[in-house]
Amino acid sequence: MIEATHLTKRYGDIVAVDDLSFTVKPGRVTGFLGPNGAGKSTTLRMLLGLNAPSGGTVTVDGVPFAGHPRGLRHVGALLDAADIHGGRSAHAHLAALARSNRLPLTRVDEVLHEVGLAKAARRRIGGFSLGMKQRLGIAAALLGDPPVLLFDEPLNGLDPEGVRWVRGLFRRLAADGRTVFVSSHMMAEMSQTADHLIVIGQGRLIADQSLEDFAARDTSKTVRVQTPDLADLANVLTAEGASVQKETDEVGLITGLTAARIGDLAHQHHIALHQLTSENTSLESAFMSVTTASSDYLAGEAR
């Protein structure tokens, strides 16, 4: 389990992480989301002891990461797949990590096979594609068979097969009872992978809830209606503050009211409905609706 309590990081006058508290529990995949500059990478670096907090604490199973001897046995992490010695082979890189953490060298071949790099084990890392480096970084995270794993943007550079493989890997690790913490900007993948979300903006906590509950915060959720009296229904709904977009003479897209409220209003005004359907909520839309005010960089928009 990962637990941050009033975690704060300042760089001079800049507050990168601001009184942040959350818990990442085992047995599920927890997504870590936020706009660029939100403080996600800084938070992960503090978790691993690479940056010292200005205030608060962050622990792994109740102990700061530095307090765990042979760290790879306790936490496996991928922060930057490109930050690696290009002159070494994949096997040599992992073997060095294994020796420094007193892990059996047999684990090197096991994890290379697991991530699909067995045939490239003796090749120099400098010739690897970004996707191959991501796989190698995941192999390093798995090397100590740790109970806690964290990944920062692990899908960058992966092809569709690789993305599918990573999705299945994370779910399997969580099903084994491990703590899996994944920072990513790929909303479509998070919607298929994560069980729970922690969302931050400008270093502060915005949401800490299940994927389903967070997606339900989508303020742009649309309801599709079909009625032979669309014009009359539109007048009723706009009077209630809704927005109505006409698709055909009988079909409209409604925002601003729930399907239940639309149905009640249609009934009250004796308007027949042939269809009343809530469109699927979107994780991306929910994310945008709750983080726009916390974004440091908005393309083409005045702040």
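Values in this text are rule-based calculations from the coordinates and carry no lab data. It should be emphasised that the depicted structure is a prediction, and the values quoted were computed from it without experimental measurement. Quick reminder, even Gly has a Cβ in these numbers, built from the backbone with ideal geometry, and neighbours come from all protein chains shown.
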Study note, to complete from the structure: Highest mean packing first, using Cβ neighbours within 10 angstrom, the peptides 75-85, 241-251, 181-191 sort as 181-191, 75-85, 241-251
Review point. Quick one: Kirkwood hydrodynamic radius for the chain, alpha-carbon pairs, angstrom, one decimal?
Key: 21.7
Study note, to complete from the structure: With x for Gly and Pro, the residue-by-residue ³J(HN,Hα) of region 8-16, computed from phi through the Karplus equation 6.51 cos²θ - 1.76 cosθ + 1.60 at θ = phi - 60° and given in whole Hz, is 9, 9, 10, 10, x, 7, 8, 9, 7
Point to revise | Contour excess over end-to-end distance, with Cα ends at Leu253 and Ser210 and 0.36 nm allotted per residue | key: 12.7 nm
Review point. Residue separation times 0.36 nm, minus the C-alpha to C-alpha distance between Gln226 and His6: what's the value?
Key: 74.2 nm
Review point. Which value, in debye to the nearest 20, describes the size of the charge dipole of the chain about its Cα centre when Lys and Arg Cβ atoms bear +1, Asp and Glu Cβ atoms bear -1, and nothing else is charged?
Key: 1900
Revision key, fill the gap. Taking every other residue with Cβ under 15 Å from the Cβ of Ala234 and scoring Lys and Arg +1, Asp and Glu -1, one gets -3
Check your understanding: By average Cβ neighbour count within 10 Å, what is the ranking of 54-62, 263-271 from highest down?
Key -> 54-62, 263-271
Practice item. Could you pull the Cα extents of region 222-278 along its three principal axes, largest to smallest, in whole Å? Key: 22, 22, 18
Exercise for review: Show the residues, 5+ positions off or on another chain, whose built amide H is closer than 5 Å to the amide H of Ile206.
Suggested key: Val199, Ile200, Gly201
Study note, to complete from the structure: Scalar couplings 3J(HN,Hα) for region 86-103 by Karplus 6.51 cos²θ - 1.76 cosθ + 1.60 (θ = phi - 60°), nearest whole Hz, x for Gly and Pro, are x, x, 8, 7, 4, 5, 5, 4, 6, 5, 5, 5, 5, 5, 5, 10, 6, 9
Review point. Quick one: Cα centre-to-centre distance for region 223-280 and region 65-91, in angstrom?
Key: 55
Point to revise | Close Lys-Lys pairs in the chain, where close means Cα under 20 Å and separation is 8 or more or interchain | key: 4
